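One structure is given below, encoded as structure tokens.
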Amino acid sequence: MAIQIPSRQLFIDGEWREPVLKKWIPIINPATEEIVGDIPAATAEDVEIAVDAARRAFSWNEGKYWASTSGPFRAKFLHAISSMILERKSELAKLEVVDTGKPLDEAASDMDGVASCFKYYAELAEALDAKQKAPVSIPVQSFKTYVLKEPIGVVALITPWNYPLLMAAWKIAPALAAGCTAIMKPSELASVTCLELAEICRQVDIPPGVLKIVTG
Ligand SMILES: NC(=O)C1=CN([C@@H]2O[C@H](COP(=O)(O)OP(=O)(O)OC[C@H]3O[C@@H](n4cnc5c(N)ncnc54)[C@H](O)[C@@H]3O)[C@@H](O)[C@H]2O)C=CC1
Ligand SMILES: NCCCC(=O)O
């Protein structure tokens, strides 16, 4: 399948960055065993930079940034990602075929799942604020009890090779919808479409540091 693998770097703080130690891992097409490109090989040095960026994105402006944006604000980015996945579905599916060796039909169906996942969590984010402080009935009159949902902070997401972008969506979409910032480490065996997700995030202007993709 003739498709050019885009040349990407690490996605940190909203921009592409070379890995500190300038190491790369070859991408091997399992169907032909040919080397078809490479991905950045991040090391601990890059992870430190990514964690620092994620902490700043979570809490800068005295904690009034991503973590305390409104659900609809966060949903706007998740909807935009979902739309762009559908726009690029055919290309993303082909990239995943070359990266994993799975059949094209299955890869295309995975891309529908990716788009649906971002849309689903966008809708949950939109509904989240109205559900905050939902009262809980307890048999004691002297307490007021309610449920408050708060983002936990910076989350690290490790995903597998067999559904590269779908499993990334399953982890990234809920984390971002909840107001967490995230560092994603795709499988070193299949990182290509996750790096394309980084490019999509860049194109939809997701605030810097909210999502980092660190391959290696
Ligand atoms: N594989 C699948 O079909 C599914 C996987 N998941 C979830 O995705 C995640 C990864 O799935 P696996 O099947 O384990 O994928 P996997 O065996 O492909 O491993 C994914 C990545 O984990 C890295 N890894 C392994 N041990 C590590 C460690 N100690 N520290 C840092 N990185 C490490 C590997 O280098 C690899 O890049 C898990 O949380 C799993 O529950 C969820 C649904 C389906
Ligand atoms: N269709 C993706 C399934 C992944 C899983 O549940 O293991």
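The values are calculated or read from the model by the stated rules, or taken from the named source; none is laboratory data. On a predicted model such as this, the values are computed, not experimentally measured, just so you know. All Cβ positions, glycine included, derive from the backbone under ideal geometry; neighbour counts span all protein chains shown. We work out accessible area using only protein heavy atoms, side chains counted, and drop any ligands, DNA or RNA first. Shrake-Rupley method; radii C 1.70, N 1.55, O 1.52, S 1.80 Å.
Data for the structure
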{"item": "Leading residue by the ranking (farthest from Glu106 (Cα to Cα)) among those in segment 140-166 that are surrounded by 12 or more Cβ atoms within 10 Å (Cβ to Cβ) and more than 16 Å from ligand 1 (Cβ to nearest atom)", "result": "Lys149"}
{"item": "Top-ranked residue of segment 131-180 - restricted to ones that are in contact with a Leu (Cβ under 7 Å, 6 or more places away or on another chain) and at pLDDT below 95, ranked as farthest from ligand 2 (Cβ to nearest atom)", "result": "Lys133"}
{"item": "Hits in segment 167-187 - residues which are out of contact with any strand residue (DSSP E or B) (no Cβ under 6 Å at 6 or more places or on another chain) and open to solvent by 20 Å² or more (accessible area, probe 1.4 Å)", "result": "Met167, Trp170, Pro174, Ala178"}
{"item": "Residue under evaluation Pro186, criteria (1) away from ligand 1 (no atom under 16 Å from the Cβ); (2) touching a helix residue (DSSP H, G or I) at 6+ places or on another chain (Cβ under 9 Å), criterion not met", "result": "(1)"}
{"item": "Tally of residues being charged (D, E, K, R) and surrounded by 15 or more Cβ atoms within 10 Å (Cβ to Cβ) across segment 124-139", "result": "1"}
{"item": "The listed residue being loosely packed, with under 15 Cβ neighbours inside 10 Å and more than 15 Å from Lys185 (Cβ to Cβ), out of Pro6, Pro30", "result": "Pro6"}
{"item": "Which numbered condition Val97 fails, given (1) at pLDDT 95 or above; (2) within 16 Å of ligand 1 (Cβ to nearest atom)", "result": "(2)"}
{"item": "Residue selected from segment 188-203 under the condition closer than 11 Å to Trp161 by Cα and in contact with a Phe, Trp or Tyr (Cβ under 6 Å, 6 or more places away or on another chain), by the criterion most open to solvent (accessible area, probe 1.4 Å)", "result": "Leu189"}
